[in-house]
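Following: one structure in structure tokens, then a few remarks.
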Amino acid sequence: MTAPAFPLPDPGEPLTGGFWKAAARDRLAFPLCGACDRFCWYPEPRCPGCGGSGLTWTSVEPAGTLFSWSVVHHAFLPAFADQVPFVAAVVTIDGAPGVRLVTRLIDARPSDLAVGARVRARFVPLRFSTVAGEVRAPFFRPDPRRIP
């Protein structure tokens, strides 16, 4: 049995499409519950806080704080073989309380990273040599304007 082809994110997917549609316009957006004002990330059909269904994709400032990271040296899927090493990171998003976004860190040496470092999104094409096409994605890099 062979694994299915590695897919790019689908901007038409009902739960996550709003994230990718916003990224295509160089914006960072997350679902916000209209009933309790809670950001719901990872997206779900209903708010995990109050059960409300009135979730609206809301743009936020594309800035945050480095929560954690790891340098990936081994390609866990063939699509990543030509991209290692890279820094996988978890970023807390300033304008979306409670949101921790798994992303990639760019333009930084791992030896220079520190928990609490200020980071800012840079929207770049997400491509894989094994997949046709691309989507824009928010990768993060150190924010030279803000020092931890």
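The values are calculated or read from the model by the stated rules, or taken from the named source; none is laboratory data. Keep in mind that what you see is a predicted model, and the values were worked out from it rather than measured. In this analysis, Cβ positions are derived from the backbone assuming ideal geometry, glycine residues included, and neighbour counts consider all displayed protein chains. Keep in mind that these areas ignore ligands, DNA and RNA; they rest on the heavy atoms of the full protein, side chains included. Shrake-Rupley method; radii C 1.70, N 1.55, O 1.52, S 1.80 Å.
Some values worked out for this structure:
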{"item": "Given (1) open to solvent by 40 Å² or more (accessible area, probe 1.4 Å); (2) out of contact with any helix residue (DSSP H, G or I) (no Cβ under 6 Å at 6 or more places or on another chain); (3) closer than 24 Å to residue 83 by Cα, number of the condition residue 36 does not satisfy", "result": "(3)"}
{"item": "Sole exception among (1) closer than 20 Å to residue 123 by Cα; (2) among the hydrophobic types (A, V, I, L, M, F, W, C); (3) at pLDDT below 90; (4) open to solvent by 60 Å² or more (accessible area, probe 1.4 Å) for residue 5, by number", "result": "(1)"}
{"item": "Scan of the range 50-62 for residues that are modelled with pLDDT under 95 and open to solvent by 50 Å² or more (accessible area, probe 1.4 Å), ordered by number", "result": "53"}
{"item": "Matching option when the condition is within 23 Å of residue 142 (Cβ to Cβ) and touching a Phe, Trp or Tyr at 6+ places or on another chain (Cβ under 9 Å), among 24, 29", "result": "29"}
{"item": "Counted residues, the range 98-126 - those being more than 15 Å from the chain's Cα centre (by Cα) and open to solvent by 50 Å² or more (accessible area, probe 1.4 Å)", "result": "6"}
